[in-house]
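> Provided herewith is a single structure, encoded as structure tokens, for subsequent inquiry.
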Amino acid sequence: MTALRWRDISLRKGERMVLDSVSLSVAHGELLGIIGRNGAGKTALLRCALGLEGRGHAHRVEVGGVLAARLSPIQRARALAYLPQQAEAAWPITRPPPPSPSDACPTAVAETRTTSAR
């Protein structure tokens with residue numbers, strides 16, 4: 001049985017055809033590597049296959065013989081996963097400034113100041 005099947009995945013960005021009718025079948029237990037030079041469309045292919053990019057383009061993705069579009073979000077998350085090269089978030093993520101030693105343990109800092117003043 002086919003674990004994963006992609007049919008006719010295409011993606012156009014502006015005037016550039018990034019993917020043109022890519023099809024693929026992967027059987028249970030089979031290992032697949034997608035390799036290519038930078039900008040060849042590897043990430044775009046994965047994002048299209050997962051429905052993260054290329055909405056509106058006619059393509060078909062099946063997981064275990066079931067159309068991925070028919071899976072609930074929970075079923076889809078259990079069947080398909082994607083780890084991006086760089087972290088992406090739907091909101092800005094900022095890092096707070098590191099704590100100063102006095103924030104971490106104010107008593108120790110006060111005792112140090114008292115001891116060194118003697």
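> What are the pairs with Cβ atoms under 6 angstrom where one residue, in the stretch 68-85, is of a type outside the set (V, I, T) and the other, located anywhere, is in a loop (DSSP other than H, G, I, E, B) and surrounded by 10 or more Cβ atoms within 10 Å (Cβ to Cβ)? Sequence gap at least six, or different chains.
From the stretch 68-85, the pairs are L80/L50; Y82/L50.
> Moving on to the next point. Does at least one position in the stretch 19-38 carry a residue that is of a type in the set (A, V, I, L, M), buried (at least 16 other Cβ atoms within 10 Å of the Cβ) and closer than 25 Å to R78 by Cβ?
Yes, that holds for at least one residue.
All of the numbers you see were taken from the coordinates with simple rules; none came from a lab. All values reported here derive from a predicted model rather than from experimental measurement. For neighbour counting, all protein chains shown are included, and Cβ atoms are generated from backbone atoms with ideal geometry for every residue, glycine included.
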